[in-house]
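Visitor: If you scroll down you'll find the structure; I have some questions about it.
The values are calculated or read from the model by the stated rules, or taken from the named source; none is laboratory data. This structure is a prediction, so every number in the text was calculated from the model and none was measured. All Cβ positions, even for glycine, are placed from backbone atoms using ideal geometry, and neighbour counts span all protein chains on display. Ligands, DNA and RNA are stripped out before the accessible areas are found, and what is left, the full protein with its side chains, is counted by its heavy atoms. Shrake-Rupley method; radii C 1.70, N 1.55, O 1.52, S 1.80 Å.
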Protein chains: 2
Amino acid sequence: MAQNTAIKVNETSRSAVGRDGVLDIAARLFREQRYGSVSLRKIAEAAGIKAGSIYYHFGSKDEIVAAVLDAGIRVVHESMRDAVTDLRADADGETVLRAAIRAHLRALIDVSDYTSANVRIFGQVPQSVRDANLPTRRAYEAEWDSLLSQLKKDGTLKQDVDIRRLRLMLIGTLNATLDWFDPDRGSADALSRTYADVFLNGILQRQDT
Amino acid sequence: MAQNTAIKVNETSRSAVGRDGVLDIAARLFREQRYGSVSLRKIAEAAGIKAGSIYYHFGSKDEIVAAVLDAGIRVVHESMRDAVTDLRADADGETVLRAAIRAHLRALIDVSDYTSANVRIFGQVPQSVRDANLPTRRAYEAEWDSLLSQLKKDGTLKQDVDIRRLRLMLIGTLNATLDWFDPDRGSADALSRTYADVFLNGILQRQDT
DNA sequence: ACGCCTAACTAACGCCTGTTAGGTTAATAA
DNA sequence: TTATTAACCTAACAGGCGTTAGTTAGGCGT
């Protein structure tokens, strides 16, 4: 399935990575190396072009970062919403929550350089870039709050849970995975099951024999 | 309790912040502003000295960062160990675990710029500095693994929990707090209680009426 | 009073950064 | 065939970075 049409696409011919190509590479580099050490020259080199050329597609480095951050949230948001809506209408609360957790972790680990880049570099980018990303984040957080509120109302969750805190705790835990996850030691799906087990039932041995 | 001896310590006299003073200020800046935007000139300015003077106390920027990282882990390690050993010998497993969780969160939020700086910048520093910090980290992780293993053996925890995963999940969750915690919206102790509640018993409404 | 030691200062270095202006090429449309 | 345009290149800029070398000020022990 390699080079089907035109065996030699390159060879002094213009490669034309284009705006999307630059963005893909930037997302990959940000995920791999964090923010500080990813310069425009590194992005350009990885894209096979020169640093100045990036300014044909983007007005500034901040603009690139902002685009990566926004795409990152959009991907995980859609992934999570789709996972929930794809369930049969009669799915019980526990199943829904497990699906949402799995979808978030999948987007983070298996699917998207954009989402993992977002989680990795968000805390390192200039304040203005963070602010620009906030509305997109808020929308995703609202999706979680809405889901958790519904699960609380229908009796799936305990009545004394604080929705906001629970959401911050959940997403915080899931995102923290990036700091240590090694695909050689287990799959994202298996890990998401562990996460769900702990969050849903806790780790304490029950006394009810 | 302010300026008891010598009302005017400064006033063109040498301020003498010293090595520890520089380190304290570096830790505070790293906690507040992350790694990339904290230059030696900023540290120096905050300390009331000039950038070059830092090289009297430290051989390189990496040396400063390494010192901050190490102190950060040592503080939280001691905090957690003391909290556990300070309990009465007959304290039950749940109490012990709750104390350990509270101690970690306290060190992170209330006590130490060094610990919070560690968590915030660890992922952003050069690889060599990260590597130098690893042994100290490993020792703290071993302390947790030891505690959790004991709680599993004595029947406090479920028998199917994976110690390593649980430890990664716990510390990951606690550390993620730094990304959103606002002292105006609640205390570290109250939050640690919520964390313990969720981890120990889960969020699912129980059916056992 | 002297000399030493500690803790600072000044001034500069080479390097890397984001960014800009203007020129060049290849493909497409008329 | 010619004109247009999208996508790139080249070369340079100012500014910030970590780091170094040499110098200076103040306090302590003798």
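Visitor: Ignoring ligands, DNA and RNA and using a 1.4 Å probe, state the total buried accessible area between B and A in Å², rounded to the nearest 100.
Guide: 3500
Visitor: Report in % the part of the accessible area of segment B:89-208 that belongs to carbon and sulfur, leaving out ligands and nucleic acids; probe 1.4 Å.
Guide: Details: 2410 of 5290 Å².
Solvent-exposed carbon and sulfur of segment B:89-208 make up 46 percent of the total.
Visitor: Would you mind listing the distances between the residue B:39 label point and the same position in each other copy? Use 7 Å along Cα-to-C-beta, nm, one decimal, shortest first.
Guide: 1.5
Visitor: Also, I was wondering about something else. Take each uninterrupted DSSP H stretch in chain A, measure its Cα extent along the helix axis, and return the ones at 27 Å or beyond whose mean Kyte-Doolittle hydropathy is at least 0.0.
Guide: In chain A, the long hydrophobic H runs are A:61-85.
Visitor: Sorted by accessible area (1.4 Å probe), largest first, how do B:42, A:152 line up? Before the final figure, lay out each step's value.
Guide: On the way: B:42 85, A:152 50 Å².
Ranked from most to least accessible, the order is B:42, A:152.
Visitor: Residues in segment B:139-158 near a label at residue B:95, defined as backbone nitrogen under 17 Å from the 7 Å Cα→Cβ point?
Guide: In segment B:139-158, the label zone of residue B:95 (backbone N under 17 Å from the point 7 Å along Cα→Cβ) covers B:151, B:154-157.
Visitor: Still on this structure, I have one more. So how exposed is residue B:160, as accessible area in Å² (1.4 Å probe, rounded to 10)?
Guide: 130
Visitor: Right, another one. Could you give the size of the charge dipole of the protein assembly as shown about its Cα centre, using +1 on the Cβ of each K and R and -1 on the Cβ of each D and E, expressed in debye and rounded to the nearest 20?
Guide: Using Cβ point charges on Lys, Arg, Asp and Glu, the protein assembly as shown gives about 1040 debye.
Visitor: OK, next. Where the label is 7 Å out from Cα toward Cβ, how close does residue A:88 come to the same position in every other copy, in nm, shortest first?
Guide: Result for residue A:88, in nm, nearest copy first: 5.4.
Visitor: So, one more: For residue B:62, go 7 angstrom from Cα along the Cα-to-Cβ vector, then report the distances to that same point in the other copies in nm, smallest first.
Guide: Nearest first, the other copies' label points are 3.3 nm away.
Visitor: Find, among the chymotrypsin sites (Phe, Trp or Tyr not before Pro) in segment B:130-209, those assigned to loop by DSSP (not H, G, I, E, B) with at most 14 other beta-carbon atoms within 10 angstrom.
Guide: Counting only loop positions with at most 14 other Cβ atoms within 10 Å, the chymotrypsin sites (Phe, Trp or Tyr not before Pro) in segment B:130-209 are B:180.
Visitor: Starting from the Cα gyration tensor of segment B:155-209, take the square roots of the eigenvalues, sort them a ≥ b ≥ c, and report rounded, prolate or oblate (rounded when a/c is under 1.5, otherwise prolate if a/b is larger than b/c, else oblate).
Guide: Working: a/c = 2.82, a/b = 1.39, b/c = 2.03.
Here segment B:155-209 falls in the oblate category.
Visitor: While we're here: Only loop residues by DSSP count here, and only those with at most 11 other Cβ atoms within 10 Å; note down the trypsin sites (Lys or Arg not before Pro) in segment B:81-115 that meet that.
Guide: Of the trypsin sites (Lys or Arg not before Pro), the ones in loops of segment B:81-115 whose Cβ has at most 11 other Cβ atoms within 10 Å are B:88.
Visitor: With every protein chain left in place, what is the accessible area per residue of segment A:60-201 in square angstrom, probe 1.4 Å?
Guide: 44
Visitor: How high is the relative contact order of chain A? Use alpha-carbon pairs under 8 Å, at least six apart in sequence, and give a whole percent. Walk me through the numbers before you get to the answer.
Guide: On the way: 178 pairs, mean separation 47.8, N = 209.
Relative contact order of chain A: 23 percent.
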